[in-house]
Amino acid sequence: MHPTKTYPTFAFAPEHSVVASTPFPTYADEPSDPVPSPPSSFNCPAASFVGCTAPDPDNPENECSVEGAKCNNGNDREFCCSDNCLRLYCTEKEGLPS
């Protein structure tokens with residue numbers, strides 16, 4: 001016959017076994033609208049060369065807010081330029097140096 005093995009028992013007090021969780025940070029102090037990038041050295045193509053890029057020329061809505069600034073659309077290579085229907089649009093194609 002084999003001897004019976006005994007194992008130690010552990011008791012944990014609740015105040016020592018509870019791990020406090022930290023909430024995800026909140027960003028209440030961040031602006032809700034992104035701040036436009038400062039103008040860059042990007043050379044926008046001439047509006048007369050581009051023409052009107054609006055999907056609906058009767059309702060030319062801007063894609064960006066500051067001509068020459070980086071667009072805030074997830075493509076780091078696109079910059080804000082104006083077209084021939086007085087609309088601001090995003091493009092990565094530069095114009096010829098003037």
Item to check | Selection from segment 76-98 of residues that are in a loop (DSSP other than H, G, I, E, B), within 16 Å of Gly51 (Cα to Cα) and among the small types (Gly, Ala, Ser) | outcome: Gly95
Next on the checklist: Cys64 - would you say it is at pLDDT 90 or above and not in a loop (DSSP other than H, G, I, E, B)?
Outcome noted: no
Checklist entry - With respect to Cys80, is the statement that it is in contact with a Cys (Cβ under 7 Å, 6 or more places away or on another chain) and at pLDDT 95 or above true? => result yes
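The values are calculated or read from the model by the stated rules, or taken from the named source; none is laboratory data. Note that the structure is predicted; figures quoted are calculated from it, not measured. Positions of Cβ are backbone-derived with ideal geometry, glycine not excepted, and every protein chain shown enters the neighbour counts.
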